[in-house]
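Starting off with a structure, shown below.
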Amino acid sequence: MATTTDSRAIAGTLYEAVLSAMVSQLRATAPRLSQVTATGSTAAAEANRLLPDGIYPETRNFVLSLAQEGMLGDIDEVIAALEAYSQRPVRQQVDTEITSAVALSPEQQQQIEHDLRKRYDADLVVSYTIDESIIGGLIIRIGDQVLDNSLRTRLSAVQRNMLES
């Protein structure tokens, strides 16, 4: 069974492939679309006639919307912007679970999330749980790392040290 992180990676790959294919289709049809001189619904009908049969329905709808709005003359700039958008670095989403002994206020949650995003430079998918047995502090599971600063763990460490002495 795929983890959430694996599923996001797979979805990201599919997204990039579909966007790349759509940009390729737009780039291939742009020269034909420069022949469209009409405006409004007439331009959309003219553009529709010039589009190849195998084009994605989403690409066709996008082109027809541009034609309807009189923006086919800007298609090269739109394609360049789409290419730049598709080449931007994708930030990794990281599942994060924060466990506390008591419910955290929205301000505390916001501060913790801000600090974690700053430290890990990732898009965090944060969930909060309450576990009274940790007594105090926090247990933060971020991806495959666990940051355990709970009072229960600190007391256990003190107890181990006393027993070893």
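The values are calculated or read from the model by the stated rules, or taken from the named source; none is laboratory data. Since we're looking at a predicted model, the values are computed, not measured. A quick note on method: Cβ atoms are made from the backbone with ideal geometry, for glycine too, and the neighbour counts reach across all protein chains shown.
Exactly one condition in (1) touching a Leu at 6+ places or on another chain (Cβ under 8 Å); (2) hydrophobic (A, V, I, L, M, F, W, C); (3) outside the structural domain of VAL63 (by TED's automatic domain parsing); (4) touching a residue at least 12 places away in the same chain (Cβ under 8 Å) is false for LEU151; which is it?
Of everything listed in (1) touching a Leu at 6+ places or on another chain (Cβ under 8 Å); (2) hydrophobic (A, V, I, L, M, F, W, C); (3) outside the structural domain of VAL63 (by TED's automatic domain parsing); (4) touching a residue at least 12 places away in the same chain (Cβ under 8 Å), LEU151 misses just condition (1).
Report, by residue number, each residue of the stretch 75-89 that is over 19 Å from ALA21 (Cβ atoms) and modelled with pLDDT of 90 or more.
Passing the criteria: only GLU77.
Let me ask you something else. Which of the residues spanning the stretch 125-154 are within 11 Å of ASP95 (Cβ to Cβ) and crowded, with 16+ Cβ neighbours inside 10 Å?
If the condition is that a residue be within 11 Å of ASP95 (Cβ to Cβ) and crowded, with 16+ Cβ neighbours inside 10 Å, then VAL126, ARG141, ILE142 are the ones that fit.
Is it fair to say ARG160 is without any contact (Cβ under 8 Å) to a residue 60 or more places away in the chain, surrounded by 14 or more Cβ atoms within 10 Å (Cβ to Cβ) and not assigned by TED's automatic domain parsing to the domain that holds LEU33?
no
Scan the stretch 37-74 residue by residue and report those that are loosely packed, with under 13 Cβ neighbours inside 10 Å, under 16 Å from MET22 (Cα atoms) and of a type in the set (D, E, K, R).
Answer for the stretch 37-74, where residues must be loosely packed, with under 13 Cβ neighbours inside 10 Å, under 16 Å from MET22 (Cα atoms) and of a type in the set (D, E, K, R): ASP53, GLU58.
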